[in-house]
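In what follows, a structure is listed as structure tokens, so that the remarks can point back to it.
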Protein chains: 2
Amino acid sequence: MNDVPKQGEAGQEFDLEGFLPYLLNQAAEATSRSFQASYKADYGMTRTQWRVLANLGKFGAMTARDICRISHIEKTKVSRAVAALEAEGLLSRATSPEDRRAEILSLTDAGRRVFRDLGQRALAYDAALRERLGQAFATQIDMVLRMIAAQGGNDLPPGDD
Amino acid sequence: MNDVPKQGEAGQEFDLEGFLPYLLNQAAEATSRSFQASYKADYGMTRTQWRVLANLGKFGAMTARDICRISHIEKTKVSRAVAALEAEGLLSRATSPEDRRAEILSLTDAGRRVFRDLGQRALAYDAALRERLGQAFATQIDMVLRMIAAQGGNDLPPGDD
DNA sequence: CATTAATAGTTGCATATGCAACCAAGTCAA
DNA sequence: TTGACTTGGTTGCATATGCAACTATTAATG
């Protein structure tokens, strides 16, 4: 905490705290971390697992590839999450009749129960958060985040860090 | 993609795509992933390393603990990032005179150079992104993200996922 | 002082992830 | 049909991370 950072000789200096990717990460981590307690502690699920489950819960049966497309999660991540969820008896696979490479994934009853439980908590969590932010803002932010998510990192392949 | 998901019997059903933590993550990942190319490809840095460096670059010399407080990054993560940056000759340590447990971290000249380079790119990246979003919005979103980051997940310890 | 309770950092271990290589089923064209 | 190419998924390996346990130093308390 000593010397004042030297100003960049040419333009303004870079300010981490105004850097959108940084802010987004902070915000994302804060919320995820907070909600993660639910699926981690109670169901021993990973974030990816929770996401896969949520997608299946929301959109119904579909193939791993579909999940990748929809959620922008990497192939291998999905593959492993699916394996784990299956092992837990939360989802089941069925080779697609049309394409024997593909596997149709669907939640089991147990899986649906978990989805409903976590879904409820998620709704509550989300509501509380938006409450604190103010509805108007919360609505706007949705739009912006969607935009960023969609085109913020165009050209690049999916998958987390 | 078969059966329509059964509506939750009680309240509305949970919609992943409207879930703030989810949206934040998507957005954060999209941007981080995009910008990460800079520090990863050119300097072989990890995101954590880049953040630590950015903090030191912005705020000047300080202790690892300070970095933790400021950036909300976990202890061990910082410890390792520091070790790595040191190995690369980008920062140097000096045991604090007041407290021999603490180490004062500061960027070396090389480190400052890297910071300036990446900082420039970050500025450019950020500007382009905000451009696409529209300045007005971008300003607002900053506020909201800060709020979320600050209190979105209060009560919880730092660290990623 | 002597003991006990923090605190700054590091390290071991188990897990999650990214990437590239790989297998198997499909497609396309000669 | 055969051979080249694409595509749905999985796996091996190296790396990044989280958590808990640990060292060294300082603070607090008797």
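When A:L56 is tested against (1) under 30 Å from B:L56 (Cβ atoms); (2) in contact with a strand residue (DSSP E or B) (Cβ under 6 Å, 6 or more places away or on another chain), exactly one condition is not met: (1).
Of B:D66, B:D42, all but one fail to be surrounded by fewer than 21 Cβ atoms within 10 Å (Cβ to Cβ) and near DNA strand C (Cβ under 9 Å from one of its atoms); the exception is B:D66. The listed residues are A:A27, A:A37, A:A81, and the only one of them that is away from DNA strand C (no atom under 13 Å from the Cβ), of a type in the set (G, A, S) and buried (at least 22 other Cβ atoms within 10 Å of the Cβ) turns out to be A:A27.
For a quick check of your reading: which helices (runs of 4 or more DSSP H) sit entirely within the stretch A:4-123 and have at least 2 residues that are at pLDDT 95 or above and at the interface with another protein chain (Cβ under 9 Å from one of its Cβ atoms)?
A:47-59
Of the residues B:R100, B:R121, the single one that is touching a residue at least 60 places away in the same chain (Cβ under 8 Å) and surrounded by fewer than 17 Cβ atoms within 10 Å (Cβ to Cβ) is B:R121. Looking at (1) free of Cβ contacts under 8 Å to residues at least 60 places away in the same chain; (2) buried (at least 19 other Cβ atoms within 10 Å of the Cβ); (3) among the aromatic types (F, W, Y), which one does B:F59 not meet, given that it meets all the others? Checking B:F59 against (1) free of Cβ contacts under 8 Å to residues at least 60 places away in the same chain; (2) buried (at least 19 other Cβ atoms within 10 Å of the Cβ); (3) among the aromatic types (F, W, Y), the one that fails is (2).
The values are calculated or read from the model by the stated rules, or taken from the named source; none is laboratory data. Keep in mind that what you see is a predicted model, and the values were worked out from it rather than measured. All Cβ positions, glycine included, derive from the backbone under ideal geometry; neighbour counts span all protein chains shown.
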